[in-house]
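K.L.:
Structure incoming, see below.
Since every read-out is calculated from the coordinates, none of them should be taken as a lab result. Note that this is a predicted model, so its numbers are computed, not measured. Note that we place each Cβ from the backbone using ideal geometry, even for glycine, and neighbour counts take in every protein chain shown.
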Amino acid sequence: MELDNLYQEVILDHYKRPQHKKLSPTYDAQVHHVNPSCGDEIDLNLSIADGVVTNISWDGVGCSISQASVSILSDLLIGKPIAQAYSIFDQFVALMQSKGAIAGDEEVLEDAIALAGVSKYPARIKCALLGWMAFKDASVQAQAKSELE
Ligand code: ZN
């Protein structure tokens, strides 16, 4: 897989020095997602308060793309209002499904833009999306829980 060198560095940096990789003991929702085609696994704990993503913590094993992507996601989405987090989520998914046709907005996606090249490799898209799907799943559960309280 050939990715732009600068982008490759961003991915490797997140893989070697993952952000927020230690499951927080407190959370509103906890999910476990796997990508069987590659063997990637991610546990993700999410906290939401007053419509804002207050914490994302995770643990996982797998390829550099999957682990770097969830590290990037946690850095990017903590502190964001949930509506904005969903908008970033939608843009990232669109980028991954673009087969290299769209470049993505770096202002919105920040380090996640480094994964743009993955969209040209269909076998790896699930790796890049694993943590994002875990976040979406956890956010739905956390919000359903808060509506019951
Ligand atoms: Zn993978």
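K.L.:
Once every DSSP H run of n ≥ 4 in the chain is given -39500 (n - 2.57) and the sum is divided by its residues, what mean residue ellipticity at 222 nm do you get, rounded to the nearest 500 deg cm²/dmol? Intermediate values should be presented prior to the final figure.
P.N.:
Numbers: 5 runs with 72 residues, N = 149.
So the helix-based figure for the chain works out to -15500 deg cm²/dmol.
K.L.:
Separation between the K21 and A144 pseudo-spin-labels, each 7 Å from Cα along Cα→Cβ, expressed in nm?
P.N.:
For the pair K21/A144, the computed spacing is 3.0 nm.
K.L.:
Continuing with this model, one more query. Check which residues have an amide H placed less than 5 Å from V53's amide H, if you skip close sequence neighbours.
P.N.:
Here G79, K80, I82 satisfy the definition.
K.L.:
Please determine, in degrees from 0 to 90 and to the nearest 10, the orientation of helix 5-16 with respect to the longest principal axis defined by the Cα atoms of the chain, where the helix direction is its Cα long axis.
P.N.:
Taking the Cα atoms of the chain, the angle to 5-16 is about 40 degrees.
K.L.:
Now for a different question. Ranking request for peptides 127-140, 51-64: highest mean number of other beta-carbon atoms within 10 Å first, then the rest in descending order.
P.N.:
Details: 127-140: 22.9, 51-64: 18.1.
Result, highest mean Cβ count within 10 Å first: 127-140, 51-64.
K.L.:
Helix 82-96 versus the longest principal axis of the chain: what is the Cα-based angle in degrees, 0 to 90, to the nearest 10?
P.N.:
The helix 82-96 is inclined about 20 degrees to the chain.
K.L.:
Below 8 Å between Cα atoms, with a sequence gap of 6+, how large is the relative contact order for the stretch 51-149 in percent?
P.N.:
On the way: 101 pairs, mean separation 30.2, N = 99.
Over the stretch 51-149, the number comes to 31 percent.
K.L.:
With a cut-off of 14 Å, note down the residues of the stretch 74-91 whose backbone N falls inside the zone around a label point 7 Å from the Cα of D50 toward its beta carbon.
P.N.:
79-82
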